[in-house]
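The values are calculated or read from the model by the stated rules, or taken from the named source; none is laboratory data. From a predicted model like this one, the values you see are computed outputs, not experimental measurements. Neighbour counts are summed over all protein chains in view; Cβ atoms, including those assigned to glycine, are modelled from backbone coordinates with ideal geometry. Only protein heavy atoms, including side chains, enter the accessible area calculation; ligands, DNA and RNA are left aside. Shrake-Rupley method; radii C 1.70, N 1.55, O 1.52, S 1.80 Å.
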Amino acid sequence: MAPLQLMRPGAEARLFATAVAIGLLWLAFGTQESLPQLARGAEDWSGDFRDYYLPNAEFAAASLAEGRLPLWNPHQGAGGPLLATIQPGVLYPPNWLHLLLPAEVAFLALTALHLSLGAFLAGCLARRFGAADLGAAVAGVGYATSVQVLGSIYTPPLVYTAAWLPGVLLAVDAIIDRPTPRRAAGLAGIVALQALAGWPYTVALTALAAALYALPLLGARAYHAGEAPWRAALAFAAAGAAAGLLAAPQLLPALELLSRSCRALGSVIESQAIFVDPPHDPALFFRNLFNHGVNDAVPGWISLVLASLAIALRSPRRGRLALLLGIGGFGLLASFPNHLPVYGWLRELPLLGDFRFPYRYRLLSTLALAIAAGAGTTALQRALVRRQWTARVAGLGALALLVLTATAPTLRGVTPFARSFGPPRSVSEKLADIGVSWRPDPFQRVFWTGIAHKIRAPGSDFVIHDMEPLTLARTAQLLTYFETGRPSTLLTLRPPKGRKREDWVAAPFFGWLNVPARSQRAAILDVFSIGTIVTAKPPGWLARRYERLTPPEAELSVFHNPHALPRAYLAATARQAPAKLPAALRLLTSDSFDPRVEVLLDDVPPQLLERSGSAAVEQLGRVAIREYRAERVTLRTSAPVPGIAVLTDAFFPGWYAFLDGEPVELLRANLNFRGVVVPAGDHVIEMHYQPRSLRWGAALAATGALACGALWLVGRRDSA
């Protein structure tokens, strides 16, 4: 009788074909022509995609098509870094497909590509744990079509980073077996790509999983060998350093932004991270598994059966597989923060302290069960059959059961991805939809309340609405002061029944802005150059203070603010801003301060000290915006006396000012904006955004590429 052969020649090609088939099948059955129109005020799982990922991808692609790296986004809030926010994934090579295809088509192609990539890498990882052809297919299908992966398609960077997770563990396992320079270089490249893909939580989760996997194995090896595994430790250190260098053009700007954003490390308190309770409820978790046979931690009940067989039937590398399952179990325990202390322990670790939504830890249990199911499929084939064809039937049966009981329910349960979202529409077009024939000033901003009304803002539209997660802290503080009277980066929401208000806070500022009931802080709208206000439930003072553009009975009310400052203007005098922000904000919004003729500065230049107490000059001069681009603004000023040119865009490191071609100091004006002292006469002011963090990152990335190349060449020489 011929021996049972479960791994045939060309296994990698068949696994690759299976992975490609997963991407193609998702395109056929997991997508739809377009999303239905939502009722006003409604949201669904596509909300973040419609309003954040899609506009950012379009903006970044348009900038790159013009030959500019999209470093700054002027369209949200008072502006802020774009590349540094990580999630747009500007430097992630696959995302450059957006340069060749329309945004929606590019997202479809990229999602299918990463589903296939995740399936292929999961299958390869399963093979290291003893899975044969069909076992590797079971692992790939189970992981790529799981709820954690397939259910995240409207959060593209989460899918992209999740696809690389099995690849990282695959490279880690290979280094543990035989640490070589080439394997270290490979791990560095995979980690760098995952870091550039744009979802920091998955990167942190991957680092945790790799550490929990490698450290026990290295410790056991050191115990049995009687010496430390220095070669493996050196390989991991080299891989980690090289990966950090390769990703430095993304990481350094991100760290610079993070420290000045609403999500500075250590800012996320536990109640913010778990303020959505249902996904973290163990009763709901087990009920979903019992009722549907699948949930966001278990890729089908069949995976539980097959994973158990992998351990019981002594599959190859059973010890390592048990360790991987233990890591998955640890992730599952961490996902129940209200009932178990594991999540609290993890919050004490660096970086993981800001890990929001603990249920995302279930990605580890999903991967572990998928890999174990693949190994269990092969163990079942070897244990129960002796004939080649019977083994194939058993393997195909396991794969079919997985597809029927896990993949199909997941596809039915998640919102299909839309193949079309329609073209971007301007603010004027959005206003026309609600019956308002109003064209806002080209450079003034629109304050549009309500999380369902984000704008894909093409051209020169500037909108303050639900802003991006790494909103600049000072911008958030001014806007929350306008709404609540407190300069906070947190916004208190209506608490659920039975929960105290002080315990119920939103995540650090997402810009869920509303209009306050009273008008005493309305000057904030003026200094932000907000000329149009759109809100569903306007307080009475809006109609008394501003020009109403819609009938009182309209579903949405639109107002014109005639008091809004121009985007660029000249101030005659300067005052020293109080050191404490609450006092400075009270002064900025007080009746004694007129932002049209004076400005608050952190430090008043000497040449303005003698004029700081002088009478206001009603007509100081003129400022014209001659050129406005994301990373470059040019102003032309004409004034009879010296003054301060103010641009109501956010002040941030990396912006530099030039007066008539000569560098000058850029001042922080009115607590958040940019100001330049200008002499009398006609002058040209240029502001350029050139962050040093990016320049340093590019230099470090070049060093990292050389280091990886050297590791690869050294490894090639050693293997020759």
Residue selected from the range 150-168 under the condition open to solvent by less than 10 Å² (accessible area, probe 1.4 Å) and hydrophobic (A, V, I, L, M, F, W, C), by the criterion nearest to Ala408 (Cα to Cα): Leu150
Counted residues, the range 637-653 - those being without any contact (Cβ under 8 Å) to a residue 60 or more places away in the chain and open to solvent by less than 10 Å² (accessible area, probe 1.4 Å): 0
Helices (runs of 4 or more DSSP H) wholly inside the range 265-326 containing at least 2 residues that are open to solvent by less than 40 Å² (accessible area, probe 1.4 Å) and modelled with pLDDT under 90: 270-273
Residue check for Ala568: modelled with pLDDT of 95 or more and more than 31 Å from the chain's Cα centre (by Cα): yes
Unique residue being in contact with a strand residue (DSSP E or B) (Cβ under 7 Å, 6 or more places away or on another chain) and exposed (fewer than 15 other Cβ atoms within 10 Å of the Cβ) when the list is Glu33, Glu66, Glu104: Glu33
Any hit, the range 662-678, residues being surrounded by fewer than 14 Cβ atoms within 10 Å (Cβ to Cβ) and free of Cβ contacts under 8 Å to residues at least 12 places away in the same chain: yes
Unmet requirement for Thr366, which otherwise passes all of (1) open to solvent by 10 Å² or more (accessible area, probe 1.4 Å); (2) part of a helix (DSSP H, G or I); (3) of a type in the set (S, T, N, Q): (1)
Complete set of residues in the range 418-434 that are touching a strand residue (DSSP E or B) at 6+ places or on another chain (Cβ under 9 Å) and within 30 Å of Leu27 (Cβ to Cβ): Ala418, Arg419, Ser420, Phe421, Gly422
Hits in the range 115-136 (condition: of a type in the set (Phe, Trp, Tyr) and more than 22 Å from Ala394 (Cβ to Cβ)): Phe120
Those residues of the range 378-400 which are at pLDDT 85 or above and open to solvent by less than 70 Å² (accessible area, probe 1.4 Å), in sequence order: Thr378, Ala379, Leu380, Gln381, Ala394, Gly395, Gly397, Ala398, Leu399, Ala400
Cross-chain or 6+ apart pairs with Cβ under 9 Å, the range 223-243 first and under 24 Å from Gly697 (Cα atoms) and modelled with pLDDT under 95, then outside any helix (DSSP H, G or I) and open to solvent by 60 Å² or more (accessible area, probe 1.4 Å): none
Cβ pairs under 6 Å, 6+ apart, first in the range 515-540 and farther than 16 Å from Pro566 by Cα, second open to solvent by 20 Å² or more (accessible area, probe 1.4 Å) and among the acidic types (Asp, Glu): Pro516/Glu483
Conditions (1) touching a residue at least 60 places away in the same chain (Cβ under 8 Å); (2) within 28 Å of Ile311 (Cβ to Cβ): number failed by Pro157: (2)
Total residues in the range 514-544, condition charged (D, E, K, R) and surrounded by fewer than 15 Cβ atoms within 10 Å (Cβ to Cβ): 3
Among (1) out of contact with any His (no Cβ under 7 Å at 6 or more places or on another chain); (2) modelled with pLDDT under 90 - the single one Gln520 does not satisfy: (2)
Subset of the range 689-714 (residues that are buried (at least 16 other Cβ atoms within 10 Å of the Cβ) and either in contact with a strand residue (DSSP E or B) (Cβ under 8 Å, 6 or more places away or on another chain) or of a type in the set (Asp, Glu) (or both)): Tyr689, Pro691
Subset of the range 415-447 [under 30 Å from Gly151 (Cβ atoms), in a loop (DSSP other than H, G, I, E, B) and open to solvent by less than 30 Å² (accessible area, probe 1.4 Å)]: Gly422
Residue in the range 623-632 that is nearest to Asp461 (Cα to Cα), counting only those that are touching a residue at least 60 places away in the same chain (Cβ under 8 Å) and of a type in the set (A, V, I, L, M, F, W, C): Ala630
Selected residue (only one of His98, His75 is under 23 Å from Ala247 (Cα atoms) and open to solvent by less than 30 Å² (accessible area, probe 1.4 Å)): His98
Within the range 235-264, tally of residues that are assigned to a loop (DSSP other than H, G, I, E, B) and either of a type in the set (A, V, I, L, M) or farther than 23 Å from Gln690 by Cβ (or both): 4
Number of the exception - Leu217 against (1) surrounded by fewer than 18 Cβ atoms within 10 Å (Cβ to Cβ); (2) in a helix (DSSP H, G or I): (1)
